[in-house]
Amino acid sequence: MSRLRRYLRDNAVPLALLSPAVLVILLVVLLPLLFSLYTSFSNYRLIRPESLWDVVWFRNYVRVLGDGDFWAALGRTVLFLTLVLNLEMLLGLGLALMVNRLTFGQRTMRTIMMFPMMFSPILVGFQFKYMFNDTIGVVNNALQSLGLTSHAIPFLVDRWLAFASIAIAEIWMSTSIFAILILAGLFAMPRDPVEAARVDGCTNWQVFRHITLPFLMPFIYIAMTIRSLDVARAYDIVDVMTGGGPAGRTELLWTLIARTAYDDSRMGQANAMAYVSILLSIFFTWYFFRKLMAARKHLGVF
């Protein structure tokens, strides 16, 4: 106790300055989190406020684990995340390598690369929704004008085309995150190993494969960790472009959770779904963090 009193006396001013921020975090983050955790063990329905006190313990979690729609949405989310992350990484890597080779206008190109990520996901969703529209969409009009198709393609109605359309919108908006982080890695990479490899007669592919790419892997894994958390809880673009349709074929985890909570008014079951889906985010974060640590160890950075 004497040690605690001494610590409080010596750090009274810093603790007093930090207390408003801690209070705000408790009110804005911790209390809603605890409330949602409690409701996941209750039969809470928005249209029946008194059901907040109807505790059902693990019944919501049992229902979620036995719900085919939940597992289908989870599978689509994992597929969407895998597809989007890998394509964003490849496109971002190519874009960063091209920008790095520019000798004129490099700063301008770095600024332009950041434009897509500045747009609201809802705005991007509306933009691509009208681009892929089967009657007034730019894509269908361009394909028909070029004679590549004689009829409108139902991009947002067909199951796989709608899935691909959402992925394209997500990739367009967020590829720049990979490009910027990889470009930062290229700027930080020492030139001596590259020049020594070229003197030894290595081809461009060998230099990239054995020197450039291993050095960039920590930056790539950082970008993948950030983006995996974003993509795993994708909602805005999906809701605007397809609403989870057609017939729920593009419904991801968080669109299913939102429909369960607000359309079906089953807030308790929706919160149980949300806590189960958090495990997906934790898994991908853990996986990419391990890969990041392995890449840093390979480079001799601890």
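Observations
- Extension gain from ASP158 to PHE187, taking 0.36 nm per residue of separation minus the Cα-Cα distance: 6.1 nm
- The chain - percent of accessible surface contributed by carbon and sulfur, probe 1.4 Å: 68
- Whole-number percent relative contact order across the chain, with pairs defined as alpha carbons under 8 Å at least 6 apart: 26
- Between ASN86 and VAL138, the simple spin-label model (points 7 angstrom out along Cα→Cβ) gives 2.9 nm.
- Lys/Arg +1, Asp/Glu -1 at C-beta; the chain dipole; positive extreme among ILE47, ILE226, PHE155: ILE226
- Computed 3J(HN,Hα) for the stretch 137-153, one whole-Hz value per residue from the Karplus formula 6.51 cos²θ - 1.76 cosθ + 1.60 where θ = phi - 60°, is x, 5, 5, 5, 5, 5, 5, 6, 5, 7, x, 7, 8, 9, 9, 5, 8, glycine and proline marked x.
- Residue-wise HN-Hα coupling along the stretch 69-78, computed from phi with Karplus coefficients 6.51, -1.76, 1.60 (Hz; x: Gly, Pro): 5, 5, 5, 5, 5, 5, x, 5, 5, 5
- Dipole-positive endmost among LEU256, THR203, MET217 within the stretch 146-259 (Cβ charges, Cα centre): LEU256
- Entry note, the chain: the mean residue ellipticity at 222 nm calculated from DSSP H runs of n ≥ 4, each adding -39500 (n - 2.57), is -22000 deg cm²/dmol after division by the residues and rounding to the nearest 500.
- Distance between the modelled labels on PHE35 and PHE58, one decimal in nanometres: 2.8 nm (7 Å Cα→Cβ projection).
- Computed FRET value (nearest 0.05) for ASP69 with ARG48, which takes r as the C-beta separation and R₀ as 30 Å: 0.85
- Length released on extending from LEU18 to THR149, taking residue separation times 0.36 nm less the Cα-Cα span: 40.8 nm
- Considering only VAL138, LEU280, ALA72, the residue lying farthest towards the positive end of the dipole of the stretch 59-298 is LEU280, judged by Cα position with unit charges set on Cβ.
- Neighbour-limited loop hits for chymotrypsin sites (Phe, Trp or Tyr not before Pro), the stretch 15-99 (at most 15 other Cβ within 10 Å; DSSP other than H, G, I, E, B): TRP57, PHE58
- Where the stretch 151-280 is the region considered: accessible area per residue in Å², 1.4 Å probe: 43
- DSSP-loop trypsin sites (Lys or Arg not before Pro) across the stretch 131-198, with at most 14 other Cβ within 10 angstrom: ARG191
- Trypsin sites (Lys or Arg not before Pro) within the stretch 227-281, DSSP loop, no more than 14 other Cβ atoms inside 10 Å: none
- Simple Cβ-charge dipole of the chain, Lys/Arg +1 and Asp/Glu -1, about Cα centre, in debye nearest 20: 1040
- Principal axis dimensions, the chain - Cα atoms, whole angstrom, descending: 76, 74, 33
- About its Cα centre, the dipole of the stretch 128-225 is roughly 20 debye, where the only charges are +1 on Lys and Arg Cβ and -1 on Asp and Glu Cβ.
The values are calculated or read from the model by the stated rules, or taken from the named source; none is laboratory data. Since this is a predicted model, take the numbers as computed values, not measurements. Here Cβ is always computed from backbone atoms with ideal geometry, including for glycine, and neighbour counts include all displayed protein chains. For the accessible areas, the whole protein counts, side chains as well, though only heavy atoms, and no ligand, DNA or RNA atoms are used. Shrake-Rupley method; radii C 1.70, N 1.55, O 1.52, S 1.80 Å.
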